[in-house]
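Here the structure comes first, spelled out in structure tokens, and everything after it is commentary.
The values are calculated or read from the model by the stated rules, or taken from the named source; none is laboratory data. Small disclaimer: the values here were computed from a predicted structure and weren't measured. We place every Cβ from the backbone using ideal geometry, glycine too, and count neighbours over all the protein chains shown.
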Amino acid sequence: MITPTFSRLSEGASGLLADVEDGRLRALRADPTDPISEGLLSDVDRASVAALTDPRRITTPMERKDGRLVPTTWDAALTGIAAELRRLRSAHGAGALGLYLGQGLQRSSEDWIRALAVGVALGTPHVFSELSLGMGPKLRMAELMLGHPVPLVSDLGRAHFVVVFGGDQPDTDWGPGTLGMAHGKWIAFSRKTKGTKVVVVGPRRTDFAADMNQHLAIRPGTEAFFLLGMLSAVVGGDWHDRQFVDDYSTGWDALVSQLRPWTVDRCAAICGVDAAALSGVALKFSRAAMAVAHPDASVFAGPHGGLAAWAWLALHTVTANTLRPGALYDHVAPVDLHLALAALPSDGAPRTRATDFPLLLLQAPADCLADEVLAPGEGRLRALLCVQGDPAGRLAGGPRVRQALADLDLLVCLAHTEDATTALARWVLPLTHPWEQADLELLDGAISPRQLLRATPALVPPAGDCRRVSDILAALAKAARPGLRGSAYGPHLAVVGRSLATADLDLWMKRLVDFALDEGVESLDAPPFRQDKGEADRATWRLGHEDGRIRLLPDAAASLLQGLSPPVVDPDRPLWLRTSARVDAAPDALHRSPSVDPGLRMHPDTAAALSLVEGASVRVTTAHGQAQATLHLDDRIRPDCVDLPVGFSADATALTSASHRDPITGVATRDGLACRVEPV
């Protein structure tokens, strides 16, 4: 039987056709009628068929006894975990409990809503989220400048001039907050029909970059300075849209004053590119009828992620490319989330204790996890529910993170497979695979280029004793019986959280959809299980500030500019390291080819100068630690930089440190670190 469905395994969110027979998923192929993927199939979705029956899957609850994880029952696991949660909350307060939410969780609306509700019900500000590693800086600066944390979408297919950061998008995905796989097709069509010009900015000349109009090979971690240079060129050259700035923004004079020290020449020198080339990109951007700069995760992974987010949004604003077609737009989804976003401001929200960062949409920066566990004194984090994430293998300063997790009184992992974090857990609870659960898409509707709402039935029964995130968290919340006393949230939000923590979310989501759709929720109960009302309205204006104006230079951005200093060259570590690059879009080991070995990418001339050859075992050293890798020669990468994706090796997280974090968003520096490479 062929069943329409959609992927919740990557940002692509591909529309798929599943071939199911006798309760087994035989194959997946692309759905040519899906408006998001337009007939494209990702490698992750291909691999997901085998992932269902992979021997590495965890299919029964596990408890650690005598240092080993052994099978147990659901009743024993839920009872034991809930008892520990009650004990720790009673003895040390709500702040002793925490959740860690992986990025994969965001792709199931029901699971994501449940996780946030449980965090609020427990009354803890310690809901750490990997949202901060991707969309966090964009959302925070949008909140400061536009008035609410809107997930602005890049209108890549309509723009006349496009700046793409990274250049790996067709091989991985188009980045956090950008659904779909067909953006490359749309850009190609736009180039052919209206002569759209595309510039790629990144340390490596990828296949995509080689096919575009221009590639500027900047140093890793200097994306903020490239955007700052573009902004400075537009402002200094008087290339801004005066009417737009006058009518729809405040802070122009302060912006001009603060930008004076950051000339195009200075920013270009920091980035390692020609000043005339940077200025030329800025001029074309400002003169285009519609222009957009599309960031990948690396833009916010450098030492100035918050500043990069500000410069990115300020650049679009002064050129009249904020909240308009062909540039950045605020999508009104079929189920509009604007009121929910505007009702959860970061200012006035609870804050983490040791690091003192405000919550963004009820979530704390993931990179603050270790600080909250290792903080001295009463009030530190003592118990963690890790939901579909691997902080031990992913977060900056991995050894310190692993130390913190080992110091917890209670670590519970909700996971599909064993990883660096489950190796430290006291309890491991098995999760259903996305193909084993039904879903109704709400949250991703806010970052889709279509007025599209999708549902999917479960394709196959759950493996073994696996359960979905929403059901496990609801059972734990019910058994833990969280009270309102000591909550970090106001009584109204705490009551709502406690209700949603155990409610039938499927029923409430269907009621919401039924209210929002003219046809009613029953229209999603039959193939193709979707409502498509056409392309999103790119011309929607919604600002949270009472005066209806964009803040060009919020206080946080001014503070960042005043304390800004360029990177310093270290003679002992002369190379620039990038660790944020992705080799593929696989969310975990189950969906990754075992033959993938990204290793360390280095230019052949640099390797020759160090007497290194292809396949050599090398040691990479930064100020924070060391890691070993296999050397791969790549003549498309800048000679003064190297690539080592840390997501493929928990040991490589030692190269970074959460102590070097962005002061606005709490995101640790992953790119632009000074390093040296030597043979082992």
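Mind telling me which of the residues D330, D356 ends up being closer than 30 Å to H240 by Cβ and either outside the structural domain of V120 (by TED's automatic domain parsing) or of a type outside the set (K, R) (or both)?
From the options D330, D356, the qualifying one is D330.
Inside segment 44-86, can you point out the residues that are acidic (D, E), more than 30 Å from V583 (Cβ to Cβ) and assigned to a helix (DSSP H, G or I)?
Residues satisfying the conditions are D75, E84.
Under the condition of being touching a Ser or Thr at 6+ places or on another chain (Cβ under 9 Å) and among the polar types (S, T, N, Q), which residue from segment 173-212 is modelled with the lowest pLDDT?
Among residues in segment 173-212 that are touching a Ser or Thr at 6+ places or on another chain (Cβ under 9 Å) and among the polar types (S, T, N, Q), the one modelled with the lowest pLDDT is T178.
Of the numbered conditions (1) modelled with pLDDT of 95 or more; (2) of a type in the set (V, I, T); (3) closer than 29 Å to H545 by Cβ, V150 fails exactly one; give the number of that condition.
Only one criterion is unmet by V150, namely (1).
Can you name every one of the helices (runs of 4 or more DSSP H) wholly within segment 349-417 that holds 1 or more residues which are small (G, A, S) and over 20 Å from the mean Cα position of the chain (by Cα)?
Correct list: 398-407.
Looking at (1) over 20 Å from the mean Cα position of the chain (by Cα); (2) in a helix (DSSP H, G or I); (3) modelled with pLDDT under 95, which one does S595 not meet, given that it meets all the others?
Against the list (1) over 20 Å from the mean Cα position of the chain (by Cα); (2) in a helix (DSSP H, G or I); (3) modelled with pLDDT under 95, S595 comes up short only on (2).
Inside segment 149-266, counting only strands (runs of 3 or more DSSP E) that do not spill past its ends, which hold 2 or more residues that are surrounded by 23 or more Cβ atoms within 10 Å (Cβ to Cβ) and not assigned by TED's automatic domain parsing to the domain that holds L452?
Counting at least 2 such residues, we get 161-165, 197-201.
Just need a number here: residues in segment 28-54 that are on the phi < 0 side of the Ramachandran plot and surrounded by fewer than 20 Cβ atoms within 10 Å (Cβ to Cβ).
The qualifying residues number 14.
Quick check on this structure: which one of A557, A581 is outside any strand (DSSP E or B) and in contact with a strand residue (DSSP E or B) (Cβ under 7 Å, 6 or more places away or on another chain)?
A581
Residues D514, D444, D506, D471: which one is assigned to a helix (DSSP H, G or I), surrounded by 18 or more Cβ atoms within 10 Å (Cβ to Cβ) and acidic (D, E)?
Unique residue meeting the criteria: D444.
Is at least one residue of segment 594-612 of a type in the set (K, R) and buried (at least 21 other Cβ atoms within 10 Å of the Cβ)? Spell out the reasoning first.
In the first step, residues of segment 594-612 are kept if they are of a type in the set (K, R); the result is 601.
Those still in the list that are buried (at least 21 other Cβ atoms within 10 Å of the Cβ) too: 601.
So far as segment 594-612 goes, yes, one or more of its residues are of a type in the set (K, R) and buried (at least 21 other Cβ atoms within 10 Å of the Cβ).
When A375 is evaluated against the numbered criteria (1) in contact (Cβ under 8 Å) with a residue 40 or more places away in the chain; (2) among the hydrophobic types (A, V, I, L, M, F, W, C); (3) outside the structural domain of H183 (by TED's automatic domain parsing), which criterion, by number, is the only one it fails?
In the conditions (1) in contact (Cβ under 8 Å) with a residue 40 or more places away in the chain; (2) among the hydrophobic types (A, V, I, L, M, F, W, C); (3) outside the structural domain of H183 (by TED's automatic domain parsing), A375 misses (1) alone.
Could you tell me how many of the residues in segment 612-636 are outside any strand (DSSP E or B) and of a type in the set (S, T, Y)?
Within segment 612-636, residues that are outside any strand (DSSP E or B) and of a type in the set (S, T, Y) number 1.
Taking A117 as the residue in question, decide whether it is among the small types (G, A, S), part of a helix (DSSP H, G or I) and touching a residue at least 60 places away in the same chain (Cβ under 8 Å).
Taking the combined requirement at face value, the residue satisfies it.
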